[in-house]
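Notes follow the structure.
The values are calculated or read from the model by the stated rules, or taken from the named source; none is laboratory data. Remember, predicted model here, so these are calculated numbers, not experimental data. Methodologically, a virtual Cβ is constructed for each residue, glycine included, from the backbone with ideal geometry; neighbour enumeration extends over all protein chains shown.
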Amino acid sequence: MIPSAVEILLVEDNPADLELTMHAFKSHNLAHRVHVVRDGAEAIDFLFSGGANGIRTPDEGPKVILLDLKLPKIDGLEVLRRIKGEERLRSIPVVVLTSSQQESDIVQSYHLGVNSYIVKPVDFEQFAEAVRQLGCYWLLLNQPPVH
């Protein structure tokens, strides 16, 4: 995938949640510009490498990052810390989409600069609707800063 075509970076390690998310995006014609990574290390590599599979400028970056917290290799909070600590990436909206309802995860996410924290609904229809609303808001309604 050409990095400049990426509108959504989906960082998700759970195959079932990944399948549900992609199904929701496809059913609302939002899946054509999703780049999926399955752990925190892949997310960091994509965002920071500048190589063939990474972004080099903010204009090549995603319009939104959907980030699970409980990830292998590098956890979601560390990914968030690195994104918001990097000048060229910090304006990209990050939405935590996780099963964690732990108060400490919520507080730390907002302390690190997350734009939104959403607990994944257990019910498929609610989950699909949450993903649809996320995609529509961040891709169609939100006005990002001009770089």
Being at pLDDT 90 or above and surrounded by fewer than 20 Cβ atoms within 10 Å (Cβ to Cβ) narrows it down to one residue among 68, 59, 17, 39; which is it? 39
I need every pair where a residue in region 112-125 that is without any contact (Cβ under 8 Å) to a residue 60 or more places away in the chain has its Cβ under 6 Å from the Cβ of a residue that is part of a loop (DSSP other than H, G, I, E, B), sequence separation at least 6 or different chains. 115/93; 119/101
Those residues of region 13-40 which are more than 24 Å from residue 78 (Cα to Cα) and either assigned to a strand (DSSP E or B) or not aliphatic (A, V, I, L, M) (or both), in sequence order: 19, 23, 25, 26, 27, 28, 29, 32, 33
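One line per residue, one yes/no per condition, for (1) modelled with pLDDT of 95 or more; (2) over 13 Å from the mean Cα position of the chain (by Cα):
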{"position": "64", "(1), (2)": "no, no"}
{"position": "82", "(1), (2)": "yes, yes"}
{"position": "104", "(1), (2)": "yes, yes"}
{"position": "122", "(1), (2)": "no, yes"}
{"position": "136", "(1), (2)": "no, yes"}
Do we have residue 92 as free of Cβ contacts under 8 Å to residues at least 24 places away in the same chain, under 16 Å from the mean Cα position of the chain (by Cα) and surrounded by 14 or more Cβ atoms within 10 Å (Cβ to Cβ) here? no
If I ask for residues that are closer than 17 Å to residue 67 by Cβ, surrounded by 15 or more Cβ atoms within 10 Å (Cβ to Cβ) and not β-branched (Val, Ile, Thr), which ones from region 122-147 would you list? 127, 130, 134, 135, 138, 139
Being more than 22 Å from residue 129 (Cα to Cα), among the small types (Gly, Ala, Ser), surrounded by fewer than 19 Cβ atoms within 10 Å (Cβ to Cβ) and modelled with pLDDT of 90 or more, is that true of even one residue in region 3-14? no
